[in-house]
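Beneath this line is the structure, given in structure tokens, with notes to follow.
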Amino acid sequence: MASCLDMLAIVVSTGDGVPLCRAVRPGAAVEPEALAGIERRLSHYCAAAAEQAQKMGLGPLKVTTTLYDKLCLVHVYMLPLVITCVHSPDSNCGTTLDIVPELREALDPIRAQVQAVYDREFAGQ
């Protein structure tokens, strides 16, 4: 996988806000509360925005970049998964965009398993 040396953390959660895994670079200045909020709330809001964009005929949402005072977040949509790459606000988030195809390929087996669980649990609802 291409290098993303300035990435502070990566969070994988469902579009419903269920955290699946996270990895934080040792020594990274990322508050645990911020990561928990990304896992449980932001991923859910982002998935809802992706759904609405598709309803408006814009096609499937692929990636968004959100810049805050303290963090830059790159959300990769692989619904039902949302992968969030966490950067400092002054980092080069473009490096994450370069590895999106590799992230998708690496995480597609997990996406497929989560989708299978959703299909089984929520069939007919």
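Of the numbered criteria (1) assigned to a helix (DSSP H, G or I); (2) under 25 Å from V117 (Cβ atoms); (3) more than 11 Å from the chain's Cα centre (by Cα), the one C46 fails is (3).
Taking the stretch 60-108, which residues are part of a loop (DSSP other than H, G, I, E, B) and crowded, with 17+ Cβ neighbours inside 10 Å? Result: L61, L71, L79, P80, S91, C93.
Filtering the stretch 10-35 to residues that are aliphatic (A, V, I, L, M), over 21 Å from L97 (Cβ atoms) and assigned to a loop (DSSP other than H, G, I, E, B) leaves V18, A29. Would you confirm, using the coordinates I've provided, whether A29 is free of Cβ contacts under 8 Å to residues at least 60 places away in the same chain and surrounded by 18 or more Cβ atoms within 10 Å (Cβ to Cβ)? No.
Here, each number is a calculation from the coordinates, and none is a lab measurement. Remember, it's a predicted structure, so these values are computed and weren't measured experimentally. Ideal geometry is used to build each Cβ from the backbone, glycine not excepted, and the neighbour counts take in all protein chains shown.
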